[in-house]
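**Q** Please find one structure pasted underneath; my questions will follow.
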Amino acid sequence: MSTEPANGHVRPNRTTTQFFLAGQRLTYEEVQRLPADAERLKDWLRQAGRVFRVPENGLDSWVMSALPMLLHELPAPKEVRTAAYRLLLTMPDVRADGQATDALGRTGSAVVHTRSGGKKTTTQRFIVDTERMMLLSSGSATDGPDAQPASREESTMIEAGWTDTPPAVPALP
């Protein structure tokens, strides 16, 4: 293990005609039609969770786990990403944390989600470019009991978007 930055990677997407969100496989057209209103988006995600047989008491966590994907991994329209960001700020144990700078020096709005389970506390931190409604970075830290070291992970998104150019491994900044 190392704390030094690693080279990026490129991997093939074998499901090029479908996108995975909240246990559902969606076409590009279906992603484009996702609700652009935070409450309607929440209802859609909760219903997807019910179809996937998520227990009612786990639906908020289910919804919470889908929101960063809408900000980064799916080709959702900006209006849907805006709804995802607004919904993220209303979720339990989530708070806005002011302006922050990612590892590349870009500024965005920080959002922090903290959850405790047993003797561990996990904190997720997202930095979002609210002009483009794109996720700049995400990270998590899990703190265990005094005898156990914390684990930390952080990802910085250099670029996200569509292109006809073949993929290449990004260079380190």
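**Q** Looking at this structure, is Glu56 of a type in the set (Asp, Glu) and within 13 Å of the chain's Cα centre (by Cα)?
**A** The answer is no for Glu56.
**Q** Another one. Return only the number of the condition from (1) touching an Asp or Glu at 6+ places or on another chain (Cβ under 9 Å); (2) more than 21 Å from Val94 (Cα to Cα) that Trp162 does not satisfy.
**A** (1)
**Q** Taking region 107-123 only, how many residues are at pLDDT below 95 and open to solvent by 60 Å² or more (accessible area, probe 1.4 Å)?
**A** The number of residues fulfilling the criteria is 5.
**Q** Just the residues that are over 21 Å from Arg125 (Cβ atoms) and either of a type in the set (Asp, Glu) or surrounded by fewer than 13 Cβ atoms within 10 Å (Cβ to Cβ) (or both), please, taken from region 43-70.
**A** Asp43, Val51, Phe52, Arg53, Pro55, Glu56, Asn57, Gly58
**Q** Residues that are within 29 Å of Ser151 (Cα to Cα), at least 1 per element: which helices (runs of 4 or more DSSP H) completely within region 1-99 meet that?
**A** Output list reads 38-51, 59-72, 78-88.
**Q** Follow-up question, since we're still on this one. Hey, among the residues in region 141-158 that are at pLDDT 80 or above and in a loop (DSSP other than H, G, I, E, B), which one's farthest from Leu71 (Cα to Cα)?
**A** Checking each candidate, the answer is Ile158.
**Q** Considering each residue of region 75-100, count those that are surrounded by fewer than 17 Cβ atoms within 10 Å (Cβ to Cβ) and in contact with a Gly (Cβ under 8 Å, 6 or more places away or on another chain), and give that number.
**A** 1
The values are calculated or read from the model by the stated rules, or taken from the named source; none is laboratory data. None of the values given here were measured: they were computed from a predicted structure. Note that each Cβ is placed from the backbone with ideal geometry, even for glycine, and that neighbours are counted across all protein chains shown. Calculation scope for accessible area: heavy atoms of the full protein, side chains included, ligands and nucleic acids excluded. Shrake-Rupley method; radii C 1.70, N 1.55, O 1.52, S 1.80 Å.
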